Structures are given as structure tokens and as C-alpha cells.
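Here is the structure we will look at.
The values are calculated or read from the model by the stated rules, or taken from the named source; none is laboratory data. Worth saying up front: this structure is predicted, and the values here are computed from it rather than measured. Calculation scope for accessible area: heavy atoms of the full protein, side chains included, ligands and nucleic acids excluded. Shrake-Rupley method; radii C 1.70, N 1.55, O 1.52, S 1.80 Å.
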Amino acid sequence: GHRINKKIMNELNRIHLVVCDELGTDPDLVVGVSRKQPLVLARHVGMFLALRFTKKTTGEIGDFYGGRHHSTTIHGRIAVQNLLNTMSPHSDIIKKINGLISYFENGPSGEGQDTAEPSSITMKRVDE
């Protein structure tokens, strides 16, 4: 495939690594071809967050996630939105997804929260 712009990579990779850390999935497998449920979920959550918190296009996000079609990114966002709309807010996965959303909304400064932050990764909102 074509070379992916490095700045896009870094921004998406940061989200990707935080999601994989939180959901306990292998970052390399999530961008791979497997359709195993935990990997698909991590992939979809990453796409959902990337669309929400970056200015990246569905195509750029699809490229990052193993050269997937832009429509796959849209499907991922819808799938996560459906989970958020239909599942109990107390279910483990919904708590994790909501935790990730507030993590990216608030940046890493929320020391008072009990969200385990990957200390190796510093979050910066890049607003050009």
C-alpha cells in the first residue's frame, strides 16, 4: 500500500496503544487480519475514538488499521455507538469504552480519577 504520513501514524498509534492497553489486546494483532471478537472490538473502538478525537479521514484511519476500506471505519464507529446505546452502562466493556472517551476528552491530567494511565504514553490534543 502507499506510505502513510508519519504525523497521522503517531496520532492514531497513540489512540491504538491506549485502547489495546485498556482492553488487553495485542496491538499488532488488532491491525492484522484476524476477525476474533476481542480484536475486532479493539479495532472498532480505536476507529470510533480516532474519528471523534482526531481530524483524520475514514480512509486514513482505515489505512492505519491494516489498510482497511474507509467504509470499515464507518462500520466500526456505528458498531461502537450501538454498543453504547444498547448495553448496560455498568457492563465491563461499556465502562472501559466510556473511560477511554473521557481519557481522550480530558487528556492525561485527571490525576484524581482511578483510570490507570499508561505512563509511557503522553496524550496531547493536536489542534491545528
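At 1.4 Å probe size, what's the solvent-accessible area of Lys56? Round to the nearest 10 Å².
30 Å²
Taking H placed 1.01 Å from N in the peptide plane, check which residues at least 5 places from Ser34 or on another chain put their amide H under 5 Å from its amide H.
none
How far, in nm, would the chain grow between Met87 and Asn106 when pulled straight, counting 0.36 nm per residue and subtracting the alpha carbon separation?
Computed gain between Met87 and Asn106 is 4.5 nm.
Which of the pairs Lys6/Lys96; Lys6/Lys55; Lys36/Lys96; Lys6/Lys56 have their Cα atoms more than 24 Å apart in this structure?
Over 24 Å apart, Cα to Cα: Lys6/Lys96.
Sorted from largest down, what three extents in whole angstroms do the Cα atoms of region 1-54 have along their principal axes?
Ordered largest first, region 1-54 gives principal extents of 29, 25, 16 Å.
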